[in-house]
Amino acid sequence: VYLEKLKTVDMVIRNTQGAEGVLKQYEDCLREVHTVPSNVTEVETQRTKLKKMRVEAEGQQPVFDSLEDELKKASVVSDKMSRVHSERDAELDHYRQLTTSLQDRWKAVFTQIDLRQRELDQLGRQLGYYRESYDWLIRWIADAKQRQEKIQAIPITDSKTLKDQLAQENKLLEEIEQNKDKVEECHT
């Protein structure tokens, strides 16, 4: 029974170390993709990276399943030992806690990947909307400036020309007032 106990504990230790290595790798990767991208291309790059990371992480699930299986085997052996020797296996209790902690952290990796994916989706939409608004605003400003210059290029020779010019200026001013919210939206 002692030999069986040693073998199962050894397997639990090995699987724990393997799981810790895998977990650390993914936790480190998540730290890398936690920076906030500044443009749509970076958002897409990070989104793709996260999708790939999730698929790879799902492929690592057997490491954690194996750890759980080995812990169950060790528990069975420990139960046999406790019946024979009436002593509690403190080492196994330690590895149970460690396994629970590793499993929780592993679940947290998936939660973080999913959360970050949703954040990137939202950020991508916001950046896209901002980009559209910004591009429209730049075109509109260039057009308004061109119209303003065209209005001012006409020499004022009589009151009718002045009246037409003022009407065009007022129309442009109204348009500027109408688009004030869009300007503010892009400014903030």
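A short reminder: the numbers here are calculations on the coordinates, not readings from a lab. Keep in mind that what you see is a predicted model, and the values were worked out from it rather than measured. We place every Cβ from the backbone using ideal geometry, glycine too, and count neighbours over all the protein chains shown.
Using bins of 10 Å that start at zero, the share of Cα-Cα pairs per bin across the stretch 2-125 amounts to 12, 35, 23, 16, 10, 4, 1, in whole %. Put a dot 7 Å past the Cα of Lys72, heading toward its Cβ, do the same for Glu149, and the two dots end up 7.7 nm apart.
Each of Gln103, Gln25, Leu50 was placed along the dipole of the stretch 2-125 (beta-carbon charges, centred on the mean Cα), and the one lying farthest toward the positive end is Leu50. Fewest-first ordering of Val12, Val40, Val55 by other beta carbons within 10 Å of each residue's beta carbon gives Val55, Val40, Val12.
Calculated FRET efficiency, Thr45 to Asn179, Cβ-Cβ distance, R0 = 35 Å: about 0.60 to the nearest 0.05.
Over the residues of the chain, the helix contribution to mean residue ellipticity at 222 nm works out to -32000 deg cm²/dmol, using -39500 (n - 2.57) for each DSSP H run of at least 4. With the cut-off at under 19 Å, measuring from each backbone N in the stretch 26-45 to a point 7 Å along the Cα-to-Cβ line of Glu132 picks out 39-44. Ordering Ser82, Tyr130, Leu120 by the projection of their Cα atoms onto the charge dipole of the chain, which places +1 on the Cβ of Lys and Arg and -1 on the Cβ of Asp and Glu, puts Ser82 at the extreme positive end. Each Lys and Arg adds +1 at its Cβ and each Asp and Glu adds -1 at its Cβ; summed about the Cα centre, the chain shows a dipole of about 240 debye.
Inverting the pair-averaged 1/r between distinct Cα atoms of the stretch 127-188 gives 13.0 Å as its Kirkwood hydrodynamic radius.
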